[in-house]
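Novice: One structure, pasted below without further comment.
The values are calculated or read from the model by the stated rules, or taken from the named source; none is laboratory data. Small disclaimer: the values here were computed from a predicted structure and weren't measured. Please note: Cβ atoms are built from the backbone with ideal geometry, for glycine as well, and neighbour counts cover all protein chains shown. When the accessible area is computed, the model is the full protein with side chains, heavy atoms only, and any ligands, DNA or RNA have been set aside. Shrake-Rupley method; radii C 1.70, N 1.55, O 1.52, S 1.80 Å.
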Amino acid sequence: MKEVRENYNIWQIGSGTRGRDYSSTFMEHSVALIGPGYSGEWRSDGSNDSFTNKSDANCVRTMAQRIKKGDILILRKGRETICAIGLIVSKYEYLDQFDNVHGWDLQHARRVLWIRREHSFSQSVFGAVPRRVASVNKPEVREYIDKFVRQTHSEWLNGKLPCLPPKVPELELGKIPEGLKGIICRIKRTRDFYYKNGYPTERELVAHCVVPFLRSLGWSEEQIALEWRVERSKVDVCVFSKCPRTPGNCHFLVEAKELDTGLEGEALNQAVKYASQIGVHRVVMTNGMEYYMYQTSTEMDPEEFRTEHFECIGSADLYCLKEGALDLFKHMSCPQ
């Protein structure tokens with residue numbers, strides 16, 4: 001049986017940001033995750049401390065060194081709401097299978113026994129701008145958690161940790177289609193430049209990353225329309241199976257967001273709205289580096305489109321290609 005540590009500390013961790021909700025991943029795999037993970041496993045001697053800012057380093061240090069087994073972790077949403085409560089049951093781990101959680105690299109991990117518990121405090125208790133992971137010292141939170149620990153059934157502490165998902169192997173260089181190798185290398189260099197010199201606008205990402213990627217997939221300039229007008233809106237990119245560029249010939253649309261921006265939630269809802277207006281059954285979400293293609297049944301009336309009707313049929317992070325990327329390349333390529 002797992003136990004709550006005597007004189008346990010209380011910590012909070014965010015359940016995600018707008019467009020990126022990690023709570024289901026946390027609960028399904030009994031983990032707590034933060035990033036960035038690009039610098040590799042945390043070492044107490046700081047030998048791999050290559051973070052671009054102090055905030056990242058401090059959060060990872062907290063996850064790796066300050067949190068202890070037997071402490072309580074709150075999964076929060078916003079500044080005053082609890083989604084779940086967890087017991088820390090492992091030492092710090094670096095789990096490479098979580099290198100792409102809704103587009104973020106979150107390999108710094110702890111195993112956690114979670115239990116769903118929805119509660120909102122009457123005021124902000126996690127700070128005006130909560131850190132990704134931090135200690136919680138508000139008296140009202142301590143009182144709530146102490147009462148919860150005293151009253152919680154033993155089934156929570158007797159829970160078994162599920163097996164972690166398998167690691168997805170990286171895509172071997174020889175499996176990458178020959179026509180894509182050059183553009184993928186260029187996009188990687190572009191991403192490194194943006195991370196060091198400031199993020200680009202959506203338009204710049206479309207021009208320097210999205211369109212060159214589409215061209216490498218076999219689409220001609222004539223088949224790629226930028227800021228294509230539909231009703232009172234402009235779709236970032238529409239890709240046409242043939243000319244003329246009419247709604248009936250639209251093969252899929254692309255909704256672009258800024259680098260490191262969530263590609264779900266409101267962003268996907270917006271793309272589905274455009275799809276219903278055009279009558280196209282495929283949408284691609286991207287922030288220039290990550291691509292997700294969603295599809296709904298061609299028999300469905302566009303007026304009935306809802307986000308839940310669209311299923312992800314392929315995804316790829318061009319900066320770190322995994323085996324599944326081949327499905328995305330196949331679905332996004334121009335038919336021969």
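Novice: Give me a comma-separated list of calculated 3J(HN,Hα) values for the stretch 292-307, in order, Karplus coefficients 6.51, -1.76, 1.60 applied at θ = phi - 60°, integers in Hz, x for any Gly or Pro.
Specialist: Values per residue, Gly and Pro as x: 10, 9, 10, 9, 10, 4, 6, 8, 7, 5, x, 5, 9, 4, 9, 4 Hz.
Novice: Roughly how many Å is it from the Cα centre of the stretch 280-329 to that of the stretch 70-128, as a whole number?
Specialist: Using only Cα atoms to place each centre, the spacing works out to 28 Å.
Novice: Quick one: among Pro162, Pro139, Pro130, which has the greatest mean-square fluctuation in a GNM of the chain with alpha-carbon springs under 10 angstrom?
Specialist: Highest fluctuation of the listed residues: Pro139.
Novice: Additional query: Just the number, please: carbon plus sulfur as a percent of the accessible area of the chain, 1.4 Å probe, no ligands or DNA/RNA counted.
Specialist: Values: 7880 of 17070 Å².
Percent of accessible area from carbon and sulfur atoms in the chain: 46.
Novice: Given q = 0.27 Å⁻¹, what are the Debye log10 I(q)/I(0) values for the stretch 246-295, with equal point scatterers placed on the Cα positions and solvent ignored?
Specialist: For the stretch 246-295, the Cα-only Debye profile gives -0.98.
Novice: While we're here: Please list Glu6, Glu323 from largest to smallest accessible area, probe radius 1.4 Å, with all protein chains kept in place. It would help to have the intermediate numbers written out before the result.
Specialist: Working: Glu6 150, Glu323 55 Å².
These residues rank, largest area first, as Glu6, Glu323.
Novice: Binning at 10 Å from 0, report for the stretch 134-273 what percent of all alpha-carbon pair distances ends up in each bin.
Specialist: In whole percents, the pair-distance histogram is 9, 24, 25, 16, 13, 12, 2.
Novice: Quick one: if the Förster radius is 30 Å, what FRET efficiency do Asn269 and Lys322 give, using the C-beta to C-beta distance and rounding to 0.05?
Specialist: Details: r = 27 Å, r/R0 = 0.88.
Result of the calculation: an efficiency of 0.70.
Novice: In vacuo Debye scattering of the stretch 40-199, one point per C-alpha: log10 I(q)/I(0) at q = 0.09, 0.12, 0.17, 0.20 Å⁻¹?
Specialist: One equal scatterer on each Cα of the stretch 40-199 leads to -0.43, -0.72, -1.19, -1.45.
Novice: Taking all pairs of distinct Cα atoms, average 1/r, flip it, and tell me the Kirkwood hydrodynamic radius of the stretch 230-336 in Å to one decimal place.
Specialist: Details: mean 1/r = 0.0711 Å⁻¹.
The Cα-based Kirkwood calculation yields 14.1 Å.
Novice: Give me a comma-separated list of calculated 3J(HN,Hα) values for the stretch 66-81, in order, Karplus coefficients 6.51, -1.76, 1.60 applied at θ = phi - 60°, integers in Hz, x for any Gly or Pro.
Specialist: 7, 5, 10, 4, x, 6, 9, 10, 9, 8, 10, 10, x, 9, 9, 10
Novice: Output the Kirkwood hydrodynamic radius of the stretch 82-177, Cα pairs only, in Å rounded to one decimal. Don't jump to the answer; show the numbers that get you there.
Specialist: Working: mean 1/r = 0.0601 Å⁻¹.
One decimal place: 16.6 Å for the Kirkwood radius.
Novice: Considering the Cα trace of the stretch 124-168, what is its radius of gyration and what is Dmax, both in angstroms?
Specialist: When restricted to Cα atoms, the stretch 124-168 yields Rg and Dmax of 15.8, 43 Å.
Novice: Before I look further, what does the chain give for accessible area per residue, probe 1.4 Å, in whole square angstrom?
Specialist: Working: 17070 Å² over 336 residues.
Result: 51 Å² per residue.
Novice: Treating the beta-carbon of each Lys and Arg as +1 and of each Asp and Glu as -1, no other charges, what is the dipole magnitude of the chain about its Cα centre, to the nearest 20 debye? Intermediate values should be presented prior to the final figure.
Specialist: Working: 46 positive and 45 negative charges, 203 e Å.
The calculation lands at about 980 debye.
Novice: Another one. Cβ neighbours within 10 Å, averaged per peptide: list 261-273, 282-294, 195-207, 165-177 in order, most packed at the top. Write out the running numbers ahead of the final one.
Specialist: On the way: 261-273: 18.5, 282-294: 23.6, 195-207: 14.0, 165-177: 11.3.
Going from most to least packed, we get 282-294, 261-273, 195-207, 165-177.
Novice: Taking Lys188 as the anchor, which lysines have their alpha carbon closer than 21 Å to its alpha carbon, excluding any fewer than eight residues away along the same chain?
Specialist: Hits, sequence-local ones excluded: Lys175, Lys196, Lys257, Lys322, Lys330.
Novice: Over all directions, what mean area does the Cα convex hull of the chain project, stated in square nanometres? It would help to have the intermediate numbers written out before the result.
Specialist: Values: hull surface 78.8 nm².
Taking the Cα atoms of the chain, their convex hull projects to 19.7 nm² on average.
Novice: Related question: Explain nothing, just the number: dipole magnitude of the stretch 163-297 about its Cα centre with +1 on each Lys and Arg Cβ and -1 on each Asp and Glu Cβ, in debye rounded to the nearest 20. Before the final figure, lay out each step's value.
Specialist: Numbers: 18 positive and 17 negative charges, 49 e Å.
For the stretch 163-297, the charge dipole is close to 240 debye.
Novice: Taking amide H positions as placed in the peptide plane 1.01 Å from N, state which residues far from Gly16 in sequence (5 or more) or on other chains have amide H under 5 Å from it.
Specialist: Those qualifying (amide H under 5 Å, at least 5 residues apart or on another chain) are Tyr22.
Novice: Here's something else I'd like to know. Taking the Cα-to-Cβ direction at Glu118 and at Ser220 and moving 7 Å from each Cα, how far apart do the two end points lie in nm?
Specialist: For Glu118 paired with Ser220, the spin-label model returns 5.4 nm.
Novice: Another question, then. Please work out the Cα center distance from the stretch 143-221 to the stretch 244-279, rounded to the nearest Å.
Specialist: Computed from Cα coordinates, the inter-centre distance equals 19 Å.
Novice: Kirkwood Rh and Cα-based Rg: tell me the resulting Rg over Rh for the stretch 1-113, rounded to two decimals. It would help to have the intermediate numbers written out before the result.
Specialist: On the way: Rg = 13.5 Å, Rh = 14.3 Å.
The Rg/Rh ratio comes out at 0.94.
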